[in-house]
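The values are calculated or read from the model by the stated rules, or taken from the named source; none is laboratory data. Owing to the predicted nature of the structure, the values given are computational and were not obtained by experimental measurement. Neighbour counts run over all protein chains shown; Cβ positions are idealised from the backbone, glycine included. For accessibility, only protein heavy atoms count, side chains too; no ligands or nucleic acids. Shrake-Rupley method; radii C 1.70, N 1.55, O 1.52, S 1.80 Å.
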Amino acid sequence: MDSSSSISSPLFRHKSSACAAIDNNGALASSQVPSQNRIRQNKRPSTMRRARPPSQDRLVIVFIAASAIFALVSFTPFLMGHVPTHDEGNHHLKGLINTAENRWERLVNELNKDVVQHDNSVSNIQGNDNIIEQSNKDHSLQLARGVSGLPMSQTPALIGAKHGSIQCDNDNYDDLAYWNDPQGDLDVGFVSPFAPSDTSEKRYITFEPDRGGWNNIRMALEIVIVFAAVTGRTLVLPPHTPFYRLTNESGKGTKHHGFAEFLDLEHPALRNKVEMISMTEFLEREGGGKMFTLPPGEEGKVIKNSADHCFYMKKSNYSCEHIYSFLRREGFVPELQAGSDCLIFDKEHQAAKVEYNDQELFDLLPEDEQEKISKFCKQRKPTFFGSDLDTVPLIHFQGGEKEHRLLNHFYTFLYFVDDRIDHYYKRFVRDFMHYGDNIFCTAGKIIRALEEEAAKAGGTFSAMHVRRGE
């Protein structure tokens, strides 16, 4: 529920009942007017403390006090029995008036200080709102669109961000975009604490795509990309491979749909966060003995062939098994399966992974931290990031094989002890791992057609995802 839900607060309910009491002549029954105190008592408390302006009652009290002081100073001589002469009176009266004016001026200055302090407090609270509002004058869509509906002053990650857009030929479907582009200033400048400060020696991640349907492939890819971003490793993209149910063999030639047909992995802001290279480039960069040496002869040739594109056919010279079996031998294959394991990122205890196994490290944690991890992992085994996962030059995720399958959402497999890091990587996936414009433009046309058809019947439409055969 967003911030508009505040209409159900007691204050608005009072207003509704008061309005209902208006008679035919437009008069409002006094019994239905809620007192100011009652409204204050029923008003929902604000989630953040704001400086309150001087109340009307306070202004009246200040005015009465100032008037009393002025009167007291003016009439004191008469009350004490001293009646000044004409000359003395003029001189003394001027002094009294000057004294009263000075005192009144001090009181007014004090009151102005209160008002200035209030204005400064409101300005500080609303400053971020104004910054975002100014930066989005050319965007008609609301930037803070989360269900929490928090004000911009409580969502600093949005400062500097803009609502994402969708580039279509004729129609505008920007309202379908749920991401930010560019990201906010905090996200642009974020540096992972789990990435090494010394980047002189390259470290890599290779992976085998999931062998299931596209959404299974996408979930595993998100885990791998987030892992690469967290650890500062270079991500080696797999060879071009036909995906399950995404191969069109009609007509002349064969069309294989890969990552590029769905996601924009070339986005400059994403490439600033994660370095990506092709498998062929990886072999050329590291296969000359720097990190490993390719086998000579025919064996090395078929590995190079399958690095560019491969098929899941063992007897082919372009079999995926050639390149993936080589990477399994040369790299470190983590014994992780997203259905039975969860990966914990805890910077404070990362170094202890060298001396303790995962269970021992879990037992050393404070009880409250153990409870959080247990709640996240449930029946799965917690595995702490560190040791080989942190130091080996090449990690290979064998995601295409059942025992190492990364079939889970990244936010249910990767656990960050620091909530701020966790929130950052959720925004990271939201902003960079969304479908491309071509898909949203097509979806937008379908949605508009459904909306127009539903409007003819005086309503809207609902969509349902039906899984058959399960």
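Beyond 16 Å, what percent of the Cα pairs of region 150-241 remain?
Tail of the P(r) past 16 Å holds 71 percent of the pairs.
Determine the principal axes of the Cα atoms in region 403-460, then give the extent along each, sorted from largest to smallest and rounded to whole angstroms.
Principal-axis extents of the Cα atoms in region 403-460, largest first: 51, 29, 20 Å.
What are the radius of gyration and Dmax of region 196-245, computed over its Cα atoms and given in Å?
12.8, 43
Taking 10 °C and 1.306 mPa s as the conditions, I'd like the Stokes-Einstein D for region 182-292 in µm²/s, using the Kirkwood hydrodynamic radius from alpha carbon pairs.
100 µm²/s
Tabulate in residue order the Karplus-calculated ³J(HN,Hα) for region 292-301, using 6.51 cos²θ - 1.76 cosθ + 1.60 with θ = phi - 60°, rounded to whole Hz; enter x for Gly and Pro.
My calculation for region 292-301 gives 7, 10, 5, x, x, x, 5, 4, x, 5 Hz in order.
So if I take the alpha carbon set of region 245-393, get Rg, then get Rh from the Kirkwood formula, what is the Rg over Rh ratio?
1.07
Which of the peptides 197-210, 382-395, 359-372, 283-296 is most tightly packed, and how do the rest follow, going by the mean number of other Cβ atoms within 10 Å of each residue?
Values: 197-210: 16.6, 382-395: 18.1, 359-372: 12.9, 283-296: 14.4.
By packing density, highest mean first, the sequence is 382-395, 197-210, 283-296, 359-372.
With the radius of gyration and the Kirkwood radius both derived from the Cα set of region 334-470, what is their ratio Rg to Rh?
When Rh is taken as the Kirkwood radius, the ratio is 1.14.
Take the solvent-accessible surface of the protein heavy atoms, probe 1.4 Å, and return the percent of it on region 241-344 that carbon and sulfur atoms account for.
50 percent
Order 401-409, 424-432 from most to least packed using the mean count of other Cβ atoms within 10 Å.
424-432, 401-409
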